[in-house]
Amino acid sequence: MKIVVCASEVVPFAKTGGLADVAGALPLALEKEGQEVIIVMPRYKAIDPVKFGLKRLKDDISYSVTGKNIKVYFIEKDEYFNRDGLYGDKNGDHKDNLDRFAYYCRRTLSLLKEINFKPDIIHVHDWQAALIPVYLKAICANDPFYKNTHTILTIHNIGYQGLFLKEEFPKLGLDWSLFNIEGLEFYDKINILKGGMEFSDIINTVSPTYAKEIQTKEFGFGLEGVLNRRRDSVFGILNGLDYNIWNPETDKFIAKNFSAQEPEGKFKDKEELQSLCKLPVKKDIPLLGIVSRLAEQKGFDILAEGIDEICKMGVQLVILGTGDLKYHLIMEDMVKKYPKVISLQLKFDDPLAHKIYAGSDIFLMPSRYEPCGLGQLISLRYGTIPLVFKTGGLADTVNSTNGFIFDLYSKNELIKRIKKAVAVFKSKGKWPVLVAKAMRCNFSWEASANKYLDLYAKAKAK
Ligand code: ADP
């Protein structure tokens, strides 16, 4: 099959979150299954042309290669992409995001014709790429080039929909008739994700549980009606993890490599993390790690409520991430109060993330909702026991045999679970068994890639 993967961020070129991990790893897994895959993404300022060996194809198109032979095409337009921040900066979202990503979608479709890549499947991810199925059906409907092309939209987080004022609609180059309830209209605004959901052949999300959850009022962010209407075309496939990148046996960022058979190196990684974070270097203190956006979705409301109690539990806590100013301030206060207990790293730092996954004992991920979540999968691989709220992909991947899970979303339940985890950590015999079990869990891409191939076949049958 000829497959085009379209995403606004792709590892290793640009990343702000899990979308990039998935858009980077899925094509590699598909290529291993013998598929012909290309990727199309915007060329941001942050993409280093030397590091990635970018070559020029056209005035506004450069390319690189990933995997064995997957071409990654970069759409260039200085006024839209040659600036700091993929989607925004410290002042908030970029004001012209509709123009930027509508351009990316249109140019992708014209590029495929120019390079004569006639796809069986265009697999688009999240709202930034969601106009592609819309343009395909609304503008390219009679184009013989796209006669046999089908589309899949993967939703990585339905909380991010690409909402814009209706005054911007003419910029999309679409007929006003599409600004209706079965098109892009949503409470008198433009909803780009909704457009993608209406026009793609298949809608998919990143875990079976989240696929069910988003069809309810509680998790659907207003789009549950569309999903219900299209429920026969809605699926959930768990993300895999790229074990070439996330592998404690070969990881170049950590002080000492280790494996399930020889786990001792992990103690060295803990020591290094403690000293790097200026915390007392002590093996017996349970070290809790967090690598996350500092947002309510990620459980920072109950974490903020319980942080004082957590800091008094005889544990250490390392937090890496950026997000809502409110949580930056709360955590900064805690660092002042408990400098020997909590280390706060307010930044995006991939090497440090690796060190935290490797050096922590427990990985905290009490997300209020979580489409799939990669943090818990990474931490399992590194023998760092995840402690999660039972929701979405967390419920599909963590259970009492490989981690700690609580099923009532409250500060008290979170604290109770942390106390339980600390008690198990201290009961020496049990902990290494749990670590070994966690490290043996397998969430590789192979199984998920095959499920995607089944889904592509379903899309082609539409
Ligand atoms: P999200 O909802 O943010 O996409 P996921 O758990 O699906 O959450 O994926 C987050 C990804 O981003 C993981 O690979 C995680 O390690 C990484 N990540 C998140 N915050 C940071 C950070 N501050 N520095 C480095 N990596 C980060």
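The values are calculated or read from the model by the stated rules, or taken from the named source; none is laboratory data. Since the structure is predicted, the reported quantities are computational estimates derived from the model, not experimental observations. Cβ sites come from the backbone with ideal geometry, for glycine too, and all protein chains shown count toward neighbours. Protein only, heavy atoms only, side chains kept; ligands, DNA and RNA dropped before computing areas. Shrake-Rupley method; radii C 1.70, N 1.55, O 1.52, S 1.80 Å.
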- Message: I'd like the residue in the stretch 241-276 that is assigned by TED's automatic domain parsing to the domain that holds Val435, in contact with a Leu (Cβ under 9 Å, 6 or more places away or on another chain) and away from the ligand (no atom under 16 Å from the Cβ) and, out of all such residues, is farthest from Leu317 (Cα to Cα).
- Response: Lys270
- Task: Residues that are within 16 Å of the ligand (Cβ to nearest atom) and not acidic (Asp, Glu): find the helices (runs of 4 or more DSSP H) completely inside the stretch 11-119 holding 2 or more of those.
- Result: 18-32
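Say whether the condition of being within 9 Å of the ligand (Cβ to nearest atom), at pLDDT 95 or above and open to solvent by less than 10 Å² (accessible area, probe 1.4 Å) is met by at least one residue in the stretch 390-399. So that I can check it myself, show each step before the final result.
In the first step, residues of the stretch 390-399 are kept if they are within 9 Å of the ligand (Cβ to nearest atom); the result is 393.
Checking the rest, the ones that are also at pLDDT 95 or above come to 393.
Narrowing further to those that are open to solvent by less than 10 Å² (accessible area, probe 1.4 Å): 393.
Taking every residue of the stretch 390-399 in turn, at least one turns out to be within 9 Å of the ligand (Cβ to nearest atom), at pLDDT 95 or above and open to solvent by less than 10 Å² (accessible area, probe 1.4 Å).
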- Note on the structure: The correct count of residues that are surrounded by fewer than 18 Cβ atoms within 10 Å (Cβ to Cβ) and of a type in the set (Val, Ile, Thr) in the stretch 12-59 is 2
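Does the stretch 337-351 contain at least one residue that is among the aliphatic types (A, V, I, L, M) and within 22 Å of Pro263 (Cβ to Cβ)? Don't jump to the end; show me each part of the working.
Just the residues of the stretch 337-351 that are among the aliphatic types (A, V, I, L, M), to begin with: 341-342, 344, 346.
Retained after the next criterion (residues that are within 22 Å of Pro263 (Cβ to Cβ)): none.
Checking the stretch 337-351: not a single residue is among the aliphatic types (A, V, I, L, M) and within 22 Å of Pro263 (Cβ to Cβ).
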- Within the stretch 421-451, the residues that are buried (at least 20 other Cβ atoms within 10 Å of the Cβ), touching a strand residue (DSSP E or B) at 6+ places or on another chain (Cβ under 8 Å) and within 30 Å of Val234 (Cβ to Cβ) are Phe443, Trp445
- Confirm whether Leu184 is away from the ligand (no atom under 16 Å from the Cβ), closer than 30 Å to Thr391 by Cα and surrounded by fewer than 18 Cβ atoms within 10 Å (Cβ to Cβ). no
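Could you check, for the stretch 173-193, whether at least one of its residues is under 24 Å from Ser448 (Cα atoms) and in a helix (DSSP H, G or I)?
Going through the stretch 173-193, the residues under 24 Å from Ser448 (Cα atoms) turn out to be 193.
Add one more test, that the residue is in a helix (DSSP H, G or I), and what stays is 193.
Scanning the stretch 173-193, I find at least one residue that is under 24 Å from Ser448 (Cα atoms) and in a helix (DSSP H, G or I), so the answer is yes.
Does the stretch 201-211 contain at least one residue that is over 21 Å from the mean Cα position of the chain (by Cα) and not assigned by TED's automatic domain parsing to the domain that holds Asp454? I'd like the intermediate steps shown before the answer.
As a first pass, look at the stretch 201-211 and keep what is over 21 Å from the mean Cα position of the chain (by Cα): 201.
Narrowing further to those that are not assigned by TED's automatic domain parsing to the domain that holds Asp454: none.
No, the stretch 201-211 contains no residue that is over 21 Å from the mean Cα position of the chain (by Cα) and not assigned by TED's automatic domain parsing to the domain that holds Asp454.
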- What is the one condition in (1) away from the ligand (no atom under 16 Å from the Cβ); (2) surrounded by 14 or more Cβ atoms within 10 Å (Cβ to Cβ) that His156 does not satisfy? (1)
- Query: Just a yes or no: is a residue in the stretch 97-118 within 30 Å of Asp324 (Cβ to Cβ), out of contact with any Leu (no Cβ under 9 Å at 6 or more places or on another chain) and open to solvent by 20 Å² or more (accessible area, probe 1.4 Å)?
  - Reply: yes
- Note on the structure: Within the stretch 411-450, restricting to residues that are in contact (Cβ under 8 Å) with a residue 12 or more places away in the chain and part of a loop (DSSP other than H, G, I, E, B), the one that is farthest from Pro386 (Cα to Cα) is Phe443
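Do you know which residues across the stretch 324-354 are more than 9 Å from the ligand (Cβ to nearest atom) and open to solvent by less than 60 Å² (accessible area, probe 1.4 Å)? Explain how you work it out, then say what you get.
First, the residues of the stretch 324-354 that are more than 9 Å from the ligand (Cβ to nearest atom): 324-344.
If the condition is that a residue be more than 9 Å from the ligand (Cβ to nearest atom) and open to solvent by less than 60 Å² (accessible area, probe 1.4 Å), then Tyr327, His328, Ile330, Met331, Met334, Val335, Tyr338, Val341, Ile342, Ser343, Leu344 are the ones that fit.
Go through the stretch 151-169 and count every residue that is without any contact (Cβ under 8 Å) to a residue 40 or more places away in the chain and either part of a strand (DSSP E or B) or over 17 Å from Gly88 (Cβ atoms) (or both). Spell out how you get there, then give the answer.
Applying the first criterion (without any contact (Cβ under 8 Å) to a residue 40 or more places away in the chain) to the stretch 151-169 yields 160, 163, 165-167, 169.
Filter once more, keeping what is either part of a strand (DSSP E or B) or over 17 Å from Gly88 (Cβ atoms) (or both): 163, 165-167, 169.
Final tally of qualifying residues: 5.
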- Taking the stretch 277-313 as the region of interest, how many residues are more than 16 Å from the ligand (Cβ to nearest atom) and either assigned to a strand (DSSP E or B) or of a type in the set (Val, Ile, Thr) (or both)? 6
- Selection within the stretch 206-236 - within 16 Å of the ligand (Cβ to nearest atom), farther than 23 Å from Leu98 by Cα and not in a helix (DSSP H, G or I): Val206, Ser207, Ile214, Phe219, Gly236
